[in-house]
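Remarks on the structure that follows.
All of the numbers you see were taken from the coordinates with simple rules; none came from a lab. For clarity, every value in this text was computed on a predicted model and none was experimentally measured. Please note: Cβ atoms are built from the backbone with ideal geometry, for glycine as well, and neighbour counts cover all protein chains shown.
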Amino acid sequence: MRKTMILLLKATAMQNTACLNETSGCQNINDPHGSACDSVDMAERQSATASLSTGAGAARSMIWPVLGLLLAASLMGIGPIFVRLSGVSAEASAFWRAMLAAPVFLFASQGLAIAGGKKRASNMDVPNSTARPARKTGLLVLAGVLFAADLMFAHLAIGMTTVANAILLNNLAPLFVGCFGLLGWARRPSRRFWQGLPIAMLGAFCLFLASSHGSGSMLGDATAIVAAGFYGTYFVVIAKLRQDHSALQIMLWSTIVTAIILALYMLVFDGGIGMPAVIGGWLALCGLAFLTHIGGQGMVSVCFKRVDEATGSIILLWQPFMSAILGALVLGEVLNPWHAVGAALVMVAVAYITVRRRRRAG
């Protein structure tokens, strides 16, 4: 009996010790080497530190693409000023913009091929067939035709209305892309598109009111909207071409075809290719080709590999602001309150529509 009681007491003591160890966990103060809980806490702290370091590294890696897009938007915002200062017609400024930029794109494309990046430069991973390459070549030519029409009407608008109106209304291109989606030519527009469309239309109406009050031309505003339509169609064709062609190859084809079409247009309708009469005009055309066309457009293509479309589209809305500011400072354009209201509505609508993909992805 006594032995039985002793065994029961020992068993109870062992159970209490086990429970104490279980409840106290890693808080055993008699462990001279630290507890398991301390190890777990240390691991968690190290993991948190690593996560913070990774997040900080990602944030730092995003700084340069964002700054690059801001610089690209600024360079493209200077473009309308160069058009005005060139002293030539709209079609002539668009021609020289493409003509001066084409050799740079050609040398860059050849440089990639010589350096062993032929596959990256052409990106022609297509089956062995004759129909598909021919169709893609036709799309490349079509992209050049659309780009030529966009440049010509955009430059016409810059000469007819205020720089701010011309660039703001040209930013309505995403709305045309959404409308093309209804016809099955592009991705079908989302609910956010239909919600943003009335805002954009109201903003465009306010810009027309600004022109009707003497700050611009309503015909010039309509021309800018036509340019936006061609630019939106250009986007649709580019989306199909990007499946088989690099951005550099598309820009090369578009620029060369644009130069050819505009040269033929001037030879037929203008009797010759217009050229600046003073050196300042040539400097403006060089700035238009090298800074706006190559620097601005090229930097957008590079930075969009690191920045998502929604964020990039919003950052590029700095371009109309830049153009409006320079138009007032350099060209002496006077903006009225309708400009401010219309600009705000147009940019809010474009940002609201283009941000949808990022929200879905998140």
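Net charge near Leu262: determine it from the other residues with C-beta under 12 Å of the C-beta of Leu262, scoring Lys and Arg +1 and Asp and Glu -1. Local net charge: -2.
Using Cα-Cα distances under 8 Å and only pairs 6 or more residues apart, what relative contact order does segment 168-318 have, in percent?
21
A P(r) calculated from all alpha carbon pairs of segment 203-362, with 5 Å bins opening at zero, reads 2, 7, 10, 17, 19, 17, 16, 10, 3, 1, 0, 0 percent. With K and R counted +1 and D and E -1, the other residues having a Cβ less than 15 Å from that of Gly327 yield a net charge of -1.
Computed over segment 134-210, the alpha-carbon pair-distance distribution with 5 angstrom bins reads 3, 13, 17, 19, 19, 16, 10, 3, 1, 0, each value a whole percent.
Peptides 176-184, 294-302: what's the order by average Cβ count within 10 Å, highest mean first?
Highest-to-lowest ranking by the protection proxy: 294-302, 176-184.
Based on the Stokes-Einstein relation at 37 °C and a viscosity of 0.692 mPa s, and on the Kirkwood radius from alpha carbon pairs, segment 186-247 is assigned a translational diffusion coefficient of 236 µm²/s.
Each residue, Arg191 and Gln243, gets one label point 7 Å from its Cα in the Cβ direction; the gap between the two is 2.9 nm.
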